[in-house]
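Enquirer: Shown below is the structure under consideration.
Bear in mind these aren't lab numbers, they're just calculated from the coordinates by the rules spelled out. This is a predicted model, so every value here is computed, not measured. Positions of Cβ are generated from backbone atoms using ideal geometry, with glycine treated the same way; all protein chains shown enter the neighbour counts.
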Amino acid sequence: MTSVPKVLDVACGTKRFGAAEVLSDVSFQVDKGETVCVLGPSGSGKSTLLRCINWLERPDAGQIYLNGKPVGAMASGAVMHDRELSKLRTHIGMVFQHFALWPHLTVLQNITEAPIQVQKRPKAEAVEEALALLAKVGLADKRDAFPARLSGGQKQRVGIARALAVRPDVLLFDEPTSALDPELVGEVLVVMRELAREGMTMVVVPHEMGFARDAATRVIFLDRGRVVETAPPDRFFAQPQTERSRQFLQRYAGSLNGANGRSTRE
Amino acid sequence: MMRDFAIVWGERSLLLSGLANTTVLSVLSATCALLLGVMLTPALMSRWRAIALPARVFVDGMRCVPFLLFAYIVYYGLPSLGLRLDNWSSGLAALIIYNTAYMAEILRGAWQAQPREPIEAGIAFGFPEAKLFRRIILPPLLLTAGPVLGNQMIQIIKDSAFLTIIALPELTHAASSIQSRHYVPFAAFITAVLLYWGLCLIVEAGVSAVGRLAEARR
Amino acid sequence: MSRGDIVAMLQGAVVTVTLSFIGILIGLPLGLGLAILRWANTPLLARVVAVYVSMLRATPLVTLLLLLFFALPNVGVPIGPISAAVLALVMNTSAFNCEVWRASLDAFPKDQYEAAQAVGMRAGQRFRRIVLPQIAHASLPGLVNEMSLLIKVTPVLAVVGVVDITRAAVRIGAETFEPLPPFLLAVALYVPIVFALVSLQRFIERRQAEAAA
């Protein structure tokens, strides 16, 4: 057993919306370099789980730890100030389903906004790094374009670059390709696979099962707010241990043969 | 302070007659303005410049003139045209003329937002023009324009207060009179404000009701 | 009307424009402040602001003006015609501006705000750098519309003795027994100002519609 704290430690996370308990006692840990995929039928609470990690939603019970430090609320129950919470959030990157780019800023400005404004890094350094990230996601020529002029796939790649620019310890992906036209999905998955390969710590709620099968180091299966099964992907997809997992895989077997990240740049 | 309100309560008949005047003026002018506006809107959208241009000048002109000044001009100007009107009539006339322009513009906007197909269907089904207008065109038009017309109604209620300047005995004038005779400015005017607020809440309730009617038919 | 009369009216016009300008200048940020209070949804304060705005929007400016001018001295706050006029204008226009700002705030896409949160921006930064630029852009037509409406109600300031265009016109009319010419001149002075604002509003709306297409 190592004494180095896990990158991410979610303990007994519980979330209620009104009378419905959307997350019940969800616990898991993420090691550095892992790519964890959270799967489950719609309504199982996957997105809510992700949004609880960086406290965009407030968990009703449980603790979130980032590198050993509590996020959002102390063990005692005392809730963090916006200031403290914001500082922690710079260590958690997030990629949104509908991209959430800031339309009044150019692509380059979207990426440098947080490094400059939040992390107080010098502008020249931030711009240099932003350009490198843009090149990495294949959009170097779009630096001065406004988001409105980009396709969905391009917007999401900018979204990924923006999340990477703050040098986070862990990257959260909330169904990053679900709002994309099918032919644009590939270009985003290529970038995500590359990140996984490079050792980025990622927690992904994928829209494409293929990504989970090929790129995940571990799969967490969520059903009606509870963790039903946790396993490496080859074991999960080949030999699901529970009835719920089996039912789920049967229904989604089709998408395993669908778009699974083949590069569009061929 | 309570004594002040008691004094205002004592003068409630004056206040209520002022409120009645405000209400009657507003409702009357709004209705007439709407009717005249309905007739002006087609002129506004006409393809013939000779008709559309004067209509446009009138509407834009009223949009740029402060109502208070317009009321003054109607009050002082009409006599030189040979019309001797008392302050009530000239106030009403000013409200009607001014708001006809606004109503026409509102209806024009609502008209251009209407889908064409249902109307074409009416024509295809053989509806004659007058019936087409009354039963196919007008109802959805009014439902769409509901909120904006409601806002204009509130504007009319507020504009009517300007007529206190020409000594028309509406609500603000009544409050002013009570104030100057009994030295109870706060009580008198706050009561007036609350009464205006009440009128507006009624109009807004009406607009909500129309909105619900519209929603059910969307 | 003599030359002196015309000069008096122009001086009145200067007073009108100055007071309008002050009203607009204070009313814009004040309206934004009120809208933020409602948007932030602090339990009691949001309710109070909602009622305050609703009442102010329903109150005719002349009634508000008379209320302030006569009632404030009565409760121990001495106030002159100009201060009462400015106060009434500011209260009135801030309530309308609040609704314009609020419409933009309500329409603001939530996920952009969350992206700003997710990337670690603090509340003040989120508002200043992400929300404000965009709602300012979206609110512009409504705010310019409100400016034109404000200018159109300024003739009422004469009621409490502010020597603006209207009062000058009334005085001249009373002296010359020809009330019409000064009022027509007053209208001639007002119309271009209002027309300029209305044209500006239409221009902004057209530009924004084209950009969105």
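Enquirer: Mind pulling the angle between the C-alpha long axis of helix B:67-77 and the longest principal axis of chain B? Nearest 10 degrees, somewhere in 0 to 90.
Expert: On a 0 to 90 degree scale, this one is about 80.
Enquirer: Sticking with this one: Show that you can apply the helix-only estimate: for chain C, add -39,500 (n - 2.57) for every DSSP H stretch of four or more residues, divide by all residues, and state [θ] at 222 nm to the nearest 500. Don't jump to the answer; show the numbers that get you there.
Expert: Numbers: 8 runs with 170 residues, N = 213.
About -27500 deg cm²/dmol.
Enquirer: Going toward the positive end of the dipole of region C:3-212, with +1 on Lys and Arg Cβ and -1 on Asp and Glu Cβ, which of C:143, C:125, C:74 do you reach last?
Expert: C:125
Enquirer: To the nearest 10 degrees, how steep is helix C:81-106 against the longest Cα principal axis of chain C, on a 0 to 90 scale?
Expert: The angle comes out near 30 degrees.
Enquirer: So how tilted is helix B:49-64 from the main axis of chain B? Cα-based, degrees 0 to 90, rounded to 10.
Expert: 30
Enquirer: What is the calculated FRET efficiency for residue B:116 to residue C:132, with r their C-beta to C-beta distance and R₀ = 51 Å, to the nearest 0.05?
Expert: Working: r = 40 Å, r/R0 = 0.78.
In this case the efficiency is close to 0.80.
Enquirer: Separate question: Given the options C:118, C:35, C:88, which has the most mean-square fluctuation in a GNM of chain C, springs set between C-alpha atoms less than 10 angstrom apart?
Expert: Greatest mean-square fluctuation among the candidates belongs to C:118.
Enquirer: Neighbouring Cβ atoms within 10 Å as the yardstick, rank B:183, B:76, C:52, C:190 fewest first.
Expert: On the way: B:183 12, B:76 19, C:52 16, C:190 22.
Going from least to most buried by this count: B:183, C:52, B:76, C:190.
Enquirer: OK, next. Among bridges DSSP assigns within the protein assembly as shown, what percent are antiparallel (round to 5)?
Expert: On the way: 20 of 35 bridges.
Around 55 percent of the beta bridges assigned by DSSP in the protein assembly as shown are antiparallel ones.
Enquirer: Mean-square fluctuation check for chain C, GNM, Cα pairs under 10 Å: which of C:56, C:184, C:149 is largest?
Expert: The residue with the greatest mean-square fluctuation here is C:184.
Enquirer: Using only the Cα atoms of chain A, each taken as one equal point scatterer with no solvent, compute I(q) by the Debye sum, divide by I(0), and report log10 of the ratio at q = 0.09, 0.11, 0.13, 0.14 Å⁻¹.
Expert: Results for chain A at q = 0.09, 0.11, 0.13, 0.14 Å⁻¹ read -0.41, -0.61, -0.86, -1.00.
Enquirer: Let me ask you something else. PRE reach from residue B:1 (point 7 Å along Cα→Cβ): which of region B:179-194 fall under 11 Å by backbone N?
Expert: Under cut-off, by backbone N: B:187.
Enquirer: Taking every alpha carbon pair in the protein assembly as shown, what does the distance histogram look like in 20 angstrom bins from 0, in percent?
Expert: Percent of pairs per bin, in order: 15, 37, 29, 18, 2, 0.
Enquirer: Would you mind giving the mean number of other chain beta-carbons within 10 Å of the Cβ of each residue in B:67-79, as a whole number? Display every interim value, and only then the final one.
Expert: Values: counts 4, 13, 12, 4, 2, 12, 6, 0, 2, 8, 4, 0, 2.
The per-residue average across the peptide is 5.
Enquirer: Still on this structure, I have one more. Can you give me the Rg/Rh ratio for region C:3-212, using Cα atoms for both radii and the Kirkwood formula for Rh? Could you put the intermediate results ahead of the total?
Expert: Values: Rg = 20.2 Å, Rh = 19.1 Å.
Across region C:3-212, the Cα-based Rg/Rh ratio is 1.06.
Enquirer: Placing unit charges on C-beta atoms (Lys and Arg positive, Asp and Glu negative, everything else neutral), compute the dipole magnitude of region C:3-212 about its Cα centre in debye, rounded to 20. Present the calculation step by step, with values, prior to reporting the outcome.
Expert: Working: 16 positive and 11 negative charges, 111 e Å.
Dipole magnitude for region C:3-212 comes out near 540 debye.
Enquirer: Toward the positive end of the charge dipole of the protein assembly as shown, about the Cα centre and with charges on Cβ (Lys, Arg +1; Asp, Glu -1), which of B:26, B:16, A:138 goes farthest?
Expert: Sorting the options by dipole projection puts first A:138.
Enquirer: Per-residue Cβ counts within 10 Å, from other chains only, averaged over B:152-158: what number is that?
Expert: Working: counts 0, 0, 2, 2, 0, 2, 9.
For peptide B:152-158, the averaged partner shielding equals 2.
Enquirer: For each of C:121, A:74, count neighbouring Cβ atoms within 10 Å of the residue's Cβ, then give the residues from fewest to most. Kindly include the intermediate steps, with their values, before the conclusion.
Expert: Working: C:121 24, A:74 11.
Ranked by crowding around the Cβ, least crowded first: A:74, C:121.
Enquirer: Same structure, new question: When you take every Cα atom in region A:90-189, what is the radius of gyration, and what is Dmax, the widest Cα pair distance, in Å?
Expert: 12.5, 39
Enquirer: Could you order the peptides A:167-174, A:41-48, C:77-84 from most to least packed, using the average number of other C-beta atoms within 10 Å per residue? Don't skip to the answer; put the middle values down first.
Expert: Values: A:167-174: 21.9, A:41-48: 18.5, C:77-84: 15.0.
Ranking the peptides A:167-174, A:41-48, C:77-84 by packing returns A:167-174, A:41-48, C:77-84.
Enquirer: Separate question: State to the nearest 20 debye the size of the charge dipole of chain B about its Cα centre, where the only charges are +1 on K and R beta carbons and -1 on D and E beta carbons. Please list the in-between numbers first.
Expert: Values: 17 positive and 12 negative charges, 87 e Å.
Using only the charged Cβ atoms, the result is roughly 420 debye.
Enquirer: A further question follows. Using 7 Å Cα-to-Cβ label points, what is the residue A:247/residue B:47 separation (nm, one decimal)?
Expert: That separation, rounded to one decimal, is 6.4 nm.
Enquirer: Let me ask you something else. Would you mind ranking A:207, A:81 by Cβ crowding within 10 Å, fewest neighbours first?
Expert: Neighbour counts put them in this order, fewest first: A:81, A:207.
Enquirer: By how many nm would the segment from residue B:215 to residue B:31 lengthen if fully extended, with 0.36 nm per residue of separation less the alpha-carbon distance? Mind dumping the intermediate values first?
Expert: Values: separation 184, 0.36 × 184 = 66.24 nm, distance 2.41 nm.
Extra length available between residue B:215 and residue B:31 comes to 63.8 nm.
Enquirer: P(r) for region B:2-216: what percent of alpha-carbon pairs falls in each 5 Å bin, starting at zero?
Expert: With 5 Å bins starting at 0, P(r) equals 1, 7, 12, 15, 16, 14, 11, 9, 6, 4, 2, 1, 1, 0.
Enquirer: Then there is this: Using mean Cβ contacts within 10 Å as the protection proxy, how do C:194-206, C:98-110 order, highest first? Write out the running numbers ahead of the final one.
Expert: On the way: C:194-206: 15.5, C:98-110: 17.6.
For the peptides C:194-206, C:98-110, the packing ranking is C:98-110, C:194-206.
Enquirer: Calculate the mean, over all residues of peptide C:46-56, of how many other protein chain Cβ atoms lie within 10 angstrom of the residue's Cβ.
Expert: On the way: counts 0, 0, 0, 0, 0, 1, 0, 0, 4, 6, 2.
Across the residues of C:46-56, the mean count of other-chain Cβ atoms within 10 Å is 1.
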